[in-house]
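A.B. asks: A single structure is presented below for examination.
The values are calculated or read from the model by the stated rules, or taken from the named source; none is laboratory data. It should be emphasised that the depicted structure is a prediction, and the values quoted were computed from it without experimental measurement. All Cβ positions, even for glycine, are placed from backbone atoms using ideal geometry, and neighbour counts span all protein chains on display. The area values use the complete protein model at the heavy-atom level, side chains included, leaving out ligands, DNA and RNA. Shrake-Rupley method; radii C 1.70, N 1.55, O 1.52, S 1.80 Å.
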Amino acid sequence: QATRVAEHEYDLVLRDDTNTTGHTQWFYFSVSNTRAGVNYTFNILNLLKPDSLYSQGLQPLLYSLQAVATKGVGWHRAGERIGYYGNKIPSKKSGVAYCSTLTFTLTFPFSFDTCYVAHCYPYSYGNLQAYLNDLEMNPRTC
């Protein structure tokens, strides 16, 4: 769920991670109709870990369709003003009283672009199929 809270700021609430009992830490979302050079702030409000590598300098990943098409630039680390801190939103997970917030600011490289933002490099079903095919064809090289 995304809620616009200011002109270029959004609060995000994640769905529970797949096959977990209410854990939220991973994210992958798209932003379309961007404006180049504008700072957009994203606040992910319902993360469950009390601490994170984002507190120590980790940046989210960014993928711009126009950057790939014009410059060949794919997934890369991006973001400024990154913070990770506890909040007062009650957690749904047993044993965790409150959630944590990850906040970061992104400046998109192109206007009218579609960009993807992720916690880690995506690994698709197609990637898995290609790896398994390579393993089957060349078991000693994988």
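A.B. asks: Please work out which residue is most open to solvent (accessible area, probe 1.4 Å), limiting yourself to region 64-79 and to residues that are of a type outside the set (Ser, Thr, Tyr) and under 14 Å from the mean Cα position of the chain (by Cα).
C.D. replies: Arg77
For every residue, the table says whether it meets (1) under 16 Å from the mean Cα position of the chain (by Cα); (2) of a type in the set (Lys, Arg).
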| position | (1), (2) |
| --- | --- |
| Tyr54 | yes, no |
| Lys88 | no, yes |
| Ser91 | no, no |
| Tyr98 | no, no |
| Val117 | yes, no |
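A.B. asks: Shifting gears a bit: Only one of these is touching a Pro at 6+ places or on another chain (Cβ under 9 Å), open to solvent by 80 Å² or more (accessible area, probe 1.4 Å) and either at pLDDT 95 or above or not polar (S, T, N, Q) (or both): Tyr28, Tyr54. Name it.
C.D. replies: Tyr28
Residues are listed down the side, and each one gets a yes or a no for (1) assigned to a strand (DSSP E or B); (2) out of contact with any Pro (no Cβ under 9 Å at 6 or more places or on another chain); (3) open to solvent by 60 Å² or more (accessible area, probe 1.4 Å); (4) of a type in the set (Asp, Glu):
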| residue | (1), (2), (3), (4) |
| --- | --- |
| Pro50 | no, yes, yes, no |
| Leu62 | yes, no, no, no |
| Tyr84 | yes, yes, no, no |
| Asn87 | yes, yes, no, no |
| Ser111 | no, yes, no, no |
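Residues are listed down the side, and each one gets a yes or a no for (1) closer than 20 Å to Thr20 by Cβ; (2) of a type in the set (A, V, I, L, M, F, W, C); (3) at pLDDT 95 or above:
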residue: Val68; (1), (2), (3): no, yes, yes
residue: Tyr98; (1), (2), (3): yes, no, no
residue: Pro109; (1), (2), (3): no, no, no
residue: Tyr125; (1), (2), (3): yes, no, no
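A.B. asks: Just one of Thr21, Thr34 is at negative phi and either assigned to a strand (DSSP E or B) or exposed (fewer than 13 other Cβ atoms within 10 Å of the Cβ) (or both); which is it?
C.D. replies: Answer to the check: Thr21.
A.B. asks: Hey, another quick one. Step by step: first the residues of region 113-142, then only those that are touching a residue at least 12 places away in the same chain (Cβ under 8 Å) and not in a loop (DSSP other than H, G, I, E, B), then the one that is farthest from Trp75 (Cα to Cα). Which residue is that?
C.D. replies: Out of the qualifying residues, it is Thr114.
A.B. asks: While we're looking at this one, here's another question. Hey, does region 42-51 have a residue that's under 19 Å from Tyr123 (Cβ atoms) and not aliphatic (A, V, I, L, M)? Before the answer, list the steps.
C.D. replies: Step one: filter region 42-51 for residues under 19 Å from Tyr123 (Cβ atoms), giving none.
The answer is no, given that none of the residues of region 42-51 is under 19 Å from Tyr123 (Cβ atoms) and not aliphatic (A, V, I, L, M).
A.B. asks: Would you mind telling me which numbered condition in (1) touching a residue at least 60 places away in the same chain (Cβ under 8 Å); (2) assigned to a loop (DSSP other than H, G, I, E, B); (3) surrounded by 13 or more Cβ atoms within 10 Å (Cβ to Cβ) Leu106 fails?
C.D. replies: So the condition that Leu106 fails would be (2).
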